[in-house]
Amino acid sequence: SSKYVLSQMHPMWQGPLAVPGGDRQSPIDITVRKSVFDSELKPLVTNYDPNTCQQIWNNGYSFLVEYDDTTDKSTLKGGPLKDSFRLCQFHFHWGECNAWGSEHTVDRRLYPAELHLVHWNSDKYSLFEEAVMEDNGLAVIGVFLKVGKRHEGLQKLVDALPAIRHKGSVVEFNRFDPACLLPINTDDYWTYHGSLTTPPLTESVSWIIMKQHIEVSHDQLAVFRSLLFTSAEEEAQKSMVNNFRVQQALCGRTVRSSFT
Ligand SMILES: Nc1nnc(SCC(=O)Nc2ccc(S(N)(=O)=O)cc2)s1
Ligand SMILES: [Zn+2]
């Protein structure tokens, strides 16, 4: 249960909380009893090539692990998707404490963090930059993180974070298989049409939110919180925490589920 109700105006967002006139913004609260089972929804098919992993960097919002998306080597198909999507990056959102941090919520329940695996429609577009402006351009898989046992696969990533403490720092990072961050069961998910949750907030995302969470240790999350929003040159160093957007209005959208 979420003991905390976060204020609508969140310090992190200087800009408008929603795109003016935007009626398919993200994140949202998923009200389980209002989601609609759709038997046409297929299992997700991910084919990730660990060798396409290139670098890990601090972009001042989160830390991103970027993949070479110039060929169809790391792809996402199936689920609610008609086309083949190419993995370009993954990143996380988290809180200053374990009580909150996720962007999406399930029946108002907040998780301490949320993983986003970002893909773009390589059947229809030739670059992420094109796809990010189009209706069915992007597909993002969301996975909730809970605090529990240490996640062995995540540790390689956690060990690289001290090297990218400041905004703008980049280090080479390769042979990381993002499939290790997916829950055991990827057949059960919710899906809806929404937007990017950070600027440019474009309404081009097919969201696929996993029902099953993954577990990471308290210490692993603490290393996320050791990152900084600020660059090495800036005077006041600000801890990179609470880098999530508040929930947006559903505006009549239906959230479908792949399970009953
Ligand atoms: N012309 C453009 N190039 N790049 C961009 S935005 C780069 C990018 O990856 N943005 C991004 C922002 C938010 C999300 S999220 N949190 O998954 O909705 C995913 C991706 S717009
Ligand atoms: Zn995100």
Review point. Taking the range 85-110 only, how many residues are part of a loop (DSSP other than H, G, I, E, B) and crowded, with 18+ Cβ neighbours inside 10 Å?
Key: 7
Check your understanding: Does Glu130 satisfy being away from ligand 2 (no atom under 16 Å from the Cβ) and loosely packed, with under 15 Cβ neighbours inside 10 Å?
Key -> yes
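Residue-wise test of (1) among the aliphatic types (A, V, I, L, M); (2) within 16 Å of ligand 1 (Cβ to nearest atom).
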position	(1), (2)
Gly194	no, yes
Thr197	no, yes
Glu203	no, yes
Ser206	no, yes
Ile214	yes, no
Ser217	no, no
Ser239	no, no
Thr254	no, no
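Among the residues in the range 93-100, are any in contact (Cβ under 8 Å) with a residue 60 or more places away in the chain, under 24 Å from Pro43 (Cβ atoms) and within 15 Å of the chain's Cα centre (by Cα)?
no
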Revision key, fill the gap. Flagged pairs (Cβ under 9 angstrom, 6 or more apart or on separate chains; first in the range 104-127, more than 16 Å from ligand 2 (Cβ to nearest atom); second of a type in the set (Lys, Arg) and not in a loop (DSSP other than H, G, I, E, B)) are Asp107/Arg33; Asn121/Arg86; Ser122/Arg86
Practice item. Would you check which residues across the range 43-79 are within 16 Å of ligand 1 (Cβ to nearest atom), out of contact with any Lys or Arg (no Cβ under 8 Å at 6 or more places or on another chain) and part of a loop (DSSP other than H, G, I, E, B) and list them? Key: Tyr61, Ser62, Asp68, Thr70
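Give Ser195, Ser217 a once-over and let me know the one that is modelled with pLDDT of 95 or more, more than 14 Å from the chain's Cα centre (by Cα) and surrounded by 14 or more Cβ atoms within 10 Å (Cβ to Cβ). It would help to see each step written out before you state the result.
Working: Ser195 fails: more than 14 Å from the chain's Cα centre (by Cα).
When all the criteria are applied, what remains is Ser217.
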Exercise for review: Give the range 162-192 a look and list any residue that's surrounded by 18 or more Cβ atoms within 10 Å (Cβ to Cβ) and either under 18 Å from Leu81 (Cβ atoms) or touching an Asp or Glu at 6+ places or on another chain (Cβ under 7 Å) (or both), or say none.
Suggested key: Pro178, Leu182, Thr186, Tyr189, Trp190, Thr191, Tyr192
Practice item. Starting from the range 31-42, take each residue that is assigned to a loop (DSSP other than H, G, I, E, B) and list its partners that are among the aliphatic types (A, V, I, L, M) and surrounded by 10 or more Cβ atoms within 10 Å (Cβ to Cβ), counting only C-beta distances under 7 angstrom and pairs at least six apart or across chains. Key: Ser35/Val255
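The values are calculated or read from the model by the stated rules, or taken from the named source; none is laboratory data. Note that this is a predicted model, so its numbers are computed, not measured. Backbone-built Cβ (ideal geometry, glycine too); neighbour counts: all protein chains shown.
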